[in-house]
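The next block holds one structure in the form of structure tokens; read it before the comments.
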Amino acid sequence: MEYLNIPENDTGIKTQRYRFLFNLPIKLNEKKDYLITGMEYNKLDIGYSQDFPFDRSELIRFHVVDLNVGFITKWNENWNLVTIITPRLASNFTSGTITDDFFFNATATLWKEKPNAEKPFRIVLGLSYNSTTGLPVPLPLISYYKRFHPKWSYTLGIPRSNFKYHISKKHTFEMTMLFDGYFINIQENIVLPDNQLGSKISLSALVGAIGYQYNISKRMSLYVLGGRSLEQEGKLRNDKRGDVFLLNDESNLYLRTGFKIGIF
């Protein structure tokens, strides 16, 4: 469970996001093959304190619903193969659901991990296809984690990199750089002054933040992140994903907190 608050900036826009994620691994056999099933739900509430030259009533509340179906198997002695298919509904849902609300994501990665080594590490290499990016090809997915000292670790990759200081088993501080955002259908097109139509809304942000995590137990924790977007663009887009109106390109504070249980 997670809550995100992006306070109002000079453009007069503020955003709140409520996120709930649940994935369940089901062991299939003694080879340690797993079926992964789950879902994720995001609700976004967007507020406006300044006037725009169009009706904002369709741009206040949005929903994103993901269904996750995945499979994990041993590729060889050192590597695991992870495949995940994620159909998505992302819309303001003013008139039920329509075809344009549907998006599709898929990921295939090789995952190697040595959690009990003297210097634990994890490598993830793969490809990810996301229909919301507008690019018709899979994109590289890379992540490398290493705990190079009992109290220090780092992760290098996309969409997130961080550097952590593990004070104790209970307390961890981090510096992080991450990408965040959304791409959502608008069921009733927004008519703009130049007669263009806004049929999608998107936000992309590069965020730098400092975080703290409190480990309630080995698998349960609370966390908080506070920082600022270094680059940010909120836009209305047309049916061909072209930019038609810039909503927000001003830097914002970024506050995120949550509770998680890792059972795998």
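Within the stretch 164-190, residues that are at positive phi have Cβ atoms under 8 Å from residues that are open to solvent by 60 Å² or more (accessible area, probe 1.4 Å) in these pairs: GLY181/SER204, counting only partners at least 6 apart in sequence or on another chain. Got a sec? Which of PHE173, PHE148 is touching a Phe, Trp or Tyr at 6+ places or on another chain (Cβ under 7 Å) and part of a strand (DSSP E or B)? Unique residue meeting the criteria: PHE173. I'm checking my understanding of the structure. Among residues of the stretch 111-131 that are of a type in the set (A, V, I, L, M) and part of a strand (DSSP E or B), which one is farthest from HIS149 (Cα to Cα)? Restricting to residues being of a type in the set (A, V, I, L, M) and part of a strand (DSSP E or B), the top hit is LEU127. At least 1 residues being free of Cβ contacts under 8 Å to residues at least 60 places away in the same chain and of a type in the set (Lys, Arg) is the threshold, and among the strands (runs of 3 or more DSSP E) wholly inside the stretch 193-264 those reaching it are 197-215, 220-237.
The sole residue among VAL64, VAL82 that is β-branched (Val, Ile, Thr), within 15 Å of the chain's Cα centre (by Cα) and open to solvent by less than 30 Å² (accessible area, probe 1.4 Å) is VAL64.
Among the residues of the stretch 67-79, the ones that are in contact (Cβ under 8 Å) with a residue 24 or more places away in the chain, open to solvent by 40 Å² or more (accessible area, probe 1.4 Å) and not aliphatic (A, V, I, L, M) come to 5 in all. In summary, GLY226 fulfils each of the numbered conditions (1) open to solvent by 70 Å² or more (accessible area, probe 1.4 Å); (2) within 17 Å of ASN9 (Cα to Cα) with the single exception of condition (1). Selection within the stretch 27-44: residues that are of a type in the set (A, V, I, L, M), open to solvent by less than 70 Å² (accessible area, probe 1.4 Å) and over 15 Å from the mean Cα position of the chain (by Cα). The member of this set that is modelled with the highest pLDDT is LEU35. Identify, please: which residue in the stretch 127-147 is at pLDDT 90 or above and more than 17 Å from the chain's Cα centre (by Cα) and is, among those, nearest to PHE103 (Cα to Cα)? Taking the candidates together, the pick is TYR144.
Taken over the stretch 99-110, the criterion of being open to solvent by 70 Å² or more (accessible area, probe 1.4 Å) and either assigned to a loop (DSSP other than H, G, I, E, B) or charged (D, E, K, R) (or both) is satisfied by ASP100 alone. The set of residues in the stretch 169-222 being surrounded by fewer than 18 Cβ atoms within 10 Å (Cβ to Cβ) and touching a helix residue (DSSP H, G or I) at 6+ places or on another chain (Cβ under 8 Å) consists of GLN187 alone.
The values are calculated or read from the model by the stated rules, or taken from the named source; none is laboratory data. No experiment lies behind these values; they were computed from the predicted model shown. Cβ coordinates were reconstructed from backbone atoms using ideal geometry, including for glycine residues, and neighbour counts include every protein chain displayed. Heads up: the accessible areas ignore ligands, DNA and RNA and are worked out on the full protein's heavy atoms, side chains in. Shrake-Rupley method; radii C 1.70, N 1.55, O 1.52, S 1.80 Å.
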